[in-house]
Amino acid sequence: MSEALEKARQALEARIGERSEPTDWFEITQERIDKFADATLDHQWIHTDPDRAKDGPFGTTIAHGQLTMSIMSFLPGGGGTGLPAVEGVKMGINYGWNKVRFPAPVPVGAQVRTSGMLKSVEAKGPMLEIVNELTMEIKGSEKPACVAESVLRLVF
């Protein structure tokens with residue numbers, strides 16, 4: 001194990017179980033939802049047809065669950081992912097997701113933010129595998145939009 005990897009492992013292990021400060025609030029716009037629909041070919045009316053959605057189950061269009069999950073690691077401001085910066089990292093790789101849930105829909109115009117809590121760190125050859133629980137909350141909602149364990153590999 002390289003010295004940089006071992007140092008990073010120790011620094012990350014010291015943060016296991018700590019909840020990060022949340023990111024800044026971020027607005028989910030119809031334009032963002034529409035662009036996501038174009039990218040994923042998911043144009044279901046509950047996402048892309050504001051007029052029809054008025055009579056739907058949510059009273060407005062909602063963000064795709066996959067959209068909320070896709071952006072939760074990248075919202076600006078704060079320490080939203082809960083991961084401290086570590087030296088010697090060449091790149092990070094999204095290795096997957098565990099236990100993904102979407103407890104509440106995100107209506108167009110909603111403000112969301114993310115916080116994280118490091119769950120585990122494990123050396124895997126020249127990499128560290130990190131499991132990080134991310135929670136995306138919706139301003140004014142008791143239920144979160146998404147709770148998921150991100151699995152990230154840091155390459156040294």
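The values are calculated or read from the model by the stated rules, or taken from the named source; none is laboratory data. Source: prediction; values computed, not measured. Using ideal geometry, Cβ is built from the backbone for each residue, glycine included, and neighbour counts are taken over all protein chains shown.
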Practice problem: Considering only residues that are closer than 17 Å to Thr29 by Cβ, among the hydrophobic types (A, V, I, L, M, F, W, C) and over 12 Å from the mean Cα position of the chain (by Cα), look in segment 60-100 and name the one that is surrounded by the most Cβ atoms within 10 Å (Cβ to Cβ). | Solution: Ala63
Practice problem: Considering (1) farther than 30 Å from Leu154 by Cβ; (2) free of Cβ contacts under 8 Å to residues at least 40 places away in the same chain; (3) assigned to a loop (DSSP other than H, G, I, E, B), say which one Glu31 fails and leave the rest. | Solution: (3)
Exercise. Give me the pairs, please: first residue somewhere in segment 50-78 and free of Cβ contacts under 8 Å to residues at least 12 places away in the same chain, second residue anywhere and assigned to a loop (DSSP other than H, G, I, E, B) and of a type in the set (Gly, Ala, Ser), beta-carbon distance under 6 Å, and either six or more positions apart or on two chains.
Key: none
Practice problem: Check whether at least one residue in segment 127-145 is in a loop (DSSP other than H, G, I, E, B) and either closer than 28 Å to Gln10 by Cα or at pLDDT below 95 (or both), and report yes or no. | Solution: no
Self-check item: In segment 48-57, residue nearest to Met136 (Cα to Cα) [restricted to those that are out of contact with any helix residue (DSSP H, G or I) (no Cβ under 7 Å at 6 or more places or on another chain) and not acidic (Asp, Glu)]
Solution: Pro57
